Amino acid sequence: VIMQPLAYFAVRSLLGWLQWMERAEHAFISNPLLLVATGAAHCWAVVYALFIAIHTRAMRYDGYHEGYTEHLPFWVAWTETLAVGSMGVWWAAGFSTAAIRIIDEDNRGLPTDAGDVQVNKFFQLLRSQRLHDALALAHTLSCIGLFASIILLCFAMGLMKGGVTACELCLCFVAIGFAIPHAVVACRRLELTNPKKAEDAVTAPSEAAEAAAQEAASLGPQLCVILALADSPGHAYLWQNFVYFVSAIAFVAAIAACGRSPPKVGHAALPPETGEFLTCLLLDLAASLALVVCFPHLNTWHLWALTALLLALFVAVVFEGWRDLLIDLLDPLFVVRSDADKVLPGKQRETLRRGAWVCCLACAAVSIWDIMLHPVQDGLFEMPDDLHSLDDGLADLWDQNTMMLFRWKPGEGRGETGLLWAAAESLGIDALSLQKQAIFEEHRLLLFKYEGSSEAAAAKPAIHEKWKAALVSPKADLEKIVESDFPAVLNVTLCLHAHASAEIAKHKADKKGADADEAATSTAPPLPEDFTQIVGPSEDAHAAYLAGCDWWTQTLDSFYGHPDEHFEFADQAGTDDEAVEVDSPTGDATEDENADEEGSDLA
């Protein structure tokens, strides 16, 4: 799926290069049918960008794990189905149209003998107006379906849990600005399928919507992908957000200006301006580069082979003989260009368009700079296939079935065994399949894992999802002892964010000349906004959750900090004489004197 936008950017850059080389003689036609047909491909790129942003928000809120999609609105799943179905209809209609044109070669010339006049039923079907109208209707419906997907995904992004970033706001603004003119053109095409309205619709004004759709398609898909990936580093400076806002506003302003004052007469076939061509080509390159950097698993020999093939095609287009071959293949979409007098004047429109080109290039440059400076962690967007096959205990640190939380009410502590039996009873499983990871008596917190059969661990719903459901409405013995408003599972991403916030605060204190240790002990460490939303406002709950985070950080560091040996955690006594028992993922226990110091190195 990720390769599809790369293929899309490769094809549009190659066609743009062909158009530039033939700008003196040829140009692509401009009519509503072509706008709708190509608009579906552009809409698919925008839908893809919105899906990236939505899944990134869900992972930023609850971390990447098997059940992170539970934070997505319920209609996201069937919106994805609608988008995939619409794109499938678009492909089917497109290939059918191309096949009809290739098979029906006799449709281009005049009959030369009696056999050419007597057309068989198969060719009659290929040449029937109803079939061509049906294919045109399929293109139109696919575009409308993708437009509806864009609107639904924008609403989903606004209603999801977690803070909204500047990139997400700009992405929604650009996506809606792109989709509206295409939806207007598609709806007008839908009306034209009624033969009773065809004659009345011929004179209906459509230049405004078509001009706006053409302007939106030139920069919109690339800008949406860039804005969606600009959030991947997890932060943005104020000046970066300003650049993103200005580029989004400039893009929509250029669309509105073209709709208000179309740049050419009717359906004239004119090549793009030099500035527009260069901007589109650079944005295609920037969006492709951002995809490869944010999804490192794409950087394989297959990608390099396809890149070499694309460069060879670019070189081939330089030669006139190869261009003639491509022109024949693209006929009748690539025709003799119209005269230059078809260009309409509009000083304000052209000023806004050029401003949009500059702003979009600035947005792409800033995004690429941020992504390259703070690259996305390898594997962030995809779960490793061999996650459960690792036998060194490291996989347990990323499996939510091994990081379930049980916080009991004051005075209801029943010991490790009693708590595990209560949890097992609520889950309806054997109590021996639950094991302690760590227990924090002073925080009234038990961190435990599931160690049953692999089939049960892979079953749906997952064990940790059942535990979440059990805490929503606890019953029987569990209701008496558990604090149901405390999180059911340890959020690894939230732990890393909280740990990083504390480290940043210490560094700032060092820069101001203050002692970092004293600052950390005298005031509570600053916590991310999402921390309070997930854990709750209670300081006591914060301390308990951070204790679990410290356990996870120390355990992870024992693998990466000491590759030759596994450090295991023994029972320790705190300064308040309350015991904290910790088990390593392998089940043994030893002392780790430097756990706090090593855990701080992770962020």
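Take the Cα of residue 132, step 7 Å along the line toward its Cβ, and report every residue of the stretch 2-40 whose backbone nitrogen sits under 14 Å from that point. Once the point is set 7 Å along Cα→Cβ of residue 132, 33-34 turn out to lie under 14 Å by backbone N, inside the stretch 2-40.
Note down the net charge around residue 348, summing +1 for each Lys or Arg and -1 for each Asp or Glu among other residues with Cβ under 12 Å from its Cβ. Value of the local net charge: +4. Modelled spin labels at residue 472 and residue 311, positioned 7 Å past Cα toward Cβ, are 5.4 nm from each other. Per residue, the accessible area of the stretch 1-58 comes to 32 Å², computed with a 1.4 Å probe over protein heavy atoms only.
Model label sites at residue 365 and residue 325, defined 7 Å from Cα along the beta-carbon direction, differ in position by 3.9 nm. Site pair residue 11 and residue 431 shows an inter-label distance of 6.2 nm when each label is modelled 7 Å from Cα along Cα→Cβ.
Full extension of the chain between residue 91 and residue 453 yields a length gain of 125.9 nm, computed as 0.36 nm times the residue separation minus the alpha carbon distance.
For the pair residue 318 and residue 242, a Förster radius of 51 Å applied to the C-beta separation gives a FRET efficiency near 0.80, rounded to the nearest 0.05.
Separation of the alpha carbons by more than 31 angstrom is noted, of 468/506; 161/449; 409/449; 436/480; 480/506; 466/508, for 468/506; 480/506; 466/508.
The local environment of residue 275, defined by Cβ-Cβ distances under 14 Å, has a net charge of 0 under the rule Lys, Arg +1 and Asp, Glu -1.
Stokes-Einstein diffusion for the stretch 238-347 at 37 °C, viscosity 0.692 mPa s, with a Kirkwood radius from C-alpha pairs, works out to 184 µm²/s. Applying a DSSP loop filter and a limit of 15 other Cβ atoms within 10 Å to the trypsin sites (Lys or Arg not before Pro) in the stretch 410-499 leaves 414, 475.
If you take all other residues with their beta carbon under 12 Å from the beta carbon of residue 427, and give Lys and Arg +1 and Asp and Glu -1, the sum is 0. Computed from the C-beta positions of residue 373 and residue 176, the FRET efficiency with R₀ = 45 Å rounds to 0.90.
Taking amide H atoms as placed 1.01 Å from N in the peptide plane, the amide H of residue 206 has no partner under 5 Å among residues 5 or more positions away or on other chains.
With the biggest extent put first, the Cα atoms of the stretch 397-489 measure 37, 25, 21 Å across the principal axes.
The values are calculated or read from the model by the stated rules, or taken from the named source; none is laboratory data. Quick caveat: nothing in here was measured; it's all calculated off a predicted structure. Cβ atoms come from the backbone with ideal geometry, glycine included; neighbour counts cover every protein chain shown. In case anyone asks, the SASA skips ligands and DNA or RNA and just uses the protein heavy atoms, side chains included. Shrake-Rupley method; radii C 1.70, N 1.55, O 1.52, S 1.80 Å.
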